[in-house]
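Trainee: This is the structure I want to talk about, given as structure tokens.
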Amino acid sequence: MSTAPTISADQGRAGAHPAPPAWRSVCLAAIVTTLFLAAPAKGASQPRPASQISVALEYQVPASASGCADVNAFREAVQHQLGYDPFRAQADRRVTVRVSRSDTGYDGRIQWTDARGRNVGERRLSTRRQGCTEIINNVAFAVAVQIQLLAAVAPAPVAPPREPAPPEPPAGGAVASASPTGNAETAPPAEVTPSPTVTAPEPPVTPEPPAPPPEARATMPPTPQRAEDSSTLRLSLGLGPSLALALAPRPTATGRLFIDGRISSLSVELSLDGILPVERQETGGAGFSFRRFDAEGAVCGHARMFAACVTAGLAYLRASGSGVDAPLSPNGFGAQTGGRVAISQEFGGRYFVTARAEGLVVLSRWSVTLNEVSVWSTPRLGALIGVDVGARLF
């Protein structure tokens with residue numbers, strides 16, 4: 001007498017320890033350059049006078065950008081950083097500031113030209129913020145830092161030459177003339193005339209011609225990234241096919257849908273997987289079809305385009321008998337854990353493609369029996385190899 005297929009459980013237990021998260025520090029190297037104008041060291045006779053650099057400004061923002069500062073507000077932002085207004089229409093140097101929208105936020109471009117119109121420096125900045133305030137503040141800070149660098153390498157102003165002091169009159173020396181008759185007591189007082197004093201003029205001081213200022217090609221320091229940029233939550237959604245090995249009676253294709261949340265170099269992923277139905281025929285005409293669905297979570301650490309993850313999941317197993325006297329569809333649940341390695345490539349700052357390989361350890365093993373005979377059991381180890389495509393929601 002034939003009986004229906006059954007799934008019997010031989011459950012095991014295993015533990016998994018999540019990998020420690022990795023953190024990335026944000027370097028604020030540009031702040032060091034603002035210390036160029038610090039006070040002179042002790043013992044200096046007189047501090048060198050600071051030069052004030054003048055540049056011409058060309059400021060462009062898109063008409064469709066809302067909340068972007070106009071040219072007057074931008075000038076005030078730079079003046080607040082420097083303590084004076086550096087912008088003059090007739091200046092030799094020129095700085096061109098252009099702000100434009102991007103797919104994820106705003107882009108800023110700073111271009112410096114000399115008196116001949118030659119390009120002597122360029123800087124590009126970007127932000128993922130939808131508002132225009134952050135990119136304007138970053139661009140104003142970068143322009144102010146570059147003007148300070150130009151002032152630091154400019155020659156000190158030359159003091160005008162000293163003029164020779166005028167000759168001082170004699171203290172009171174006088175010459176008395178002798179009277180032609182009589183003695184000195186009865187002679188009328190002689191006319192007093194100032195004694196001529198001859199003063200040799202000092203040689204004129206010829207100032208040395210100032211050395212021509214070196215052409216400034218200093219590279220602008222990177223704008224310090226704000227702390228919220230690296231700690232902002234980024235949410236992604238994607239899907240992809242996989243090849244399942246040792247998770248069904250024979251290798252088969254699977255499909256999965258996932259959602260991923262990432263902060264800095266740490267991410268958490270939730271996914272749903274399902275394999276295509278697999279059929280297996282035994283001798284005597286009896287057989288069964290097998291289906292499997294998985295819900296899985298993963299914690300991943302990221303370094304550039306690479307990622308390593310620890311995974312854990314719950315599987316739903318279902319077998320349907322065929323060619324038996326009493327066909328049934330028993331089902332059961334199983335647990336699994338494992339690890340994953342992946343490599344990703346982004347496109348356009350929003351879309352990405354990921355290749356992954358995952359190894360699984362089955363914690364709860366199950367067997368499929370036909371007519372009281374075990375015909376297949378879930379292996380202890382399995383693997384998934386697949387490719388995902390997705391897009392960042394924000």
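Where a number appears in this text, it was derived from the coordinates with a stated rule and is not lab data. Given the structure is predicted, the values throughout are model-derived calculations rather than measurements. Glycine also receives a Cβ, built like all others from the backbone with ideal geometry; neighbour counts cover every protein chain displayed.
Trainee: What's the FRET efficiency of residue 63 with residue 350 using the Cβ-Cβ distance as r and R₀ = 25 Å, to the nearest 0.05?
Mentor: 0.50
Trainee: So for each of 66-72, 355-361 I average, over its residues, the number of other beta carbons within 10 Å; can you give me the resulting order with the highest mean first?
Mentor: Ranking, from highest mean packing down: 355-361, 66-72.
Trainee: Here's a follow-up. What distance in nm lies between label points placed 7 Å from Cα along the C-beta direction at residue 293 and residue 367?
Mentor: Between residue 293 and residue 367, the label points sit 2.7 nm apart.
Trainee: I would also like to ask the following. From Cα pairs below 8 angstrom and at least 6 apart in sequence, can you work out the relative contact order of segment 233-392, rounded to a whole percent?
Mentor: 22
Trainee: Could you tally the net charge around residue 58, taking each other residue with its Cβ under 10 Å from the Cβ of residue 58, Lys/Arg +1 and Asp/Glu -1?
Mentor: Charge balance in the 10 Å sphere: +2.
Trainee: Where in segment 70-96 is the amide nitrogen less than 14 Å from a point lying 7 Å along the Cα-to-Cβ axis of residue 115?
Mentor: Answer for this model: 90-94.
Trainee: Please give the contour-minus-distance gain from residue 104 to residue 304: 0.36 nm per residue of separation, less the Cα-Cα distance, rounded to one decimal in nm.
Mentor: Result for the pair: 70.1 nm of gain on full extension.
Trainee: Can you give the FRET efficiency to the nearest 0.05 for residue 56 and residue 272, using r as the Cβ-Cβ distance and R₀ = 45 Å?
Mentor: Computed FRET efficiency for residue 56 and residue 272: 0.15.
Trainee: Follow-up question, since we're still on this one. Between residue 357 and residue 152, what is the spin-label point distance in nm, taking each point 7 Å from the Cα along the Cα→C-beta axis?
Mentor: 4.9
Trainee: Also, I was wondering about something else. Using 7 Å Cα-to-Cβ label points, what is the residue 76/residue 383 separation (nm, one decimal)?
Mentor: In this crude label model, residue 76 to residue 383 measures out at 6.5 nm.
Trainee: List residues of segment 98-112, by number, whose backbone nitrogen lies under 13 Å from a label position 7 Å along Cα→C-beta of residue 130.
Mentor: Of the residues in segment 98-112, 104-106 have backbone N under 13 Å from the label point off residue 130.
Trainee: So if R0 is 25 Å, what FRET efficiency would residue 322 and residue 253 give, r being the distance between their Cβ atoms, rounded to the nearest 0.05?
Mentor: 0.70
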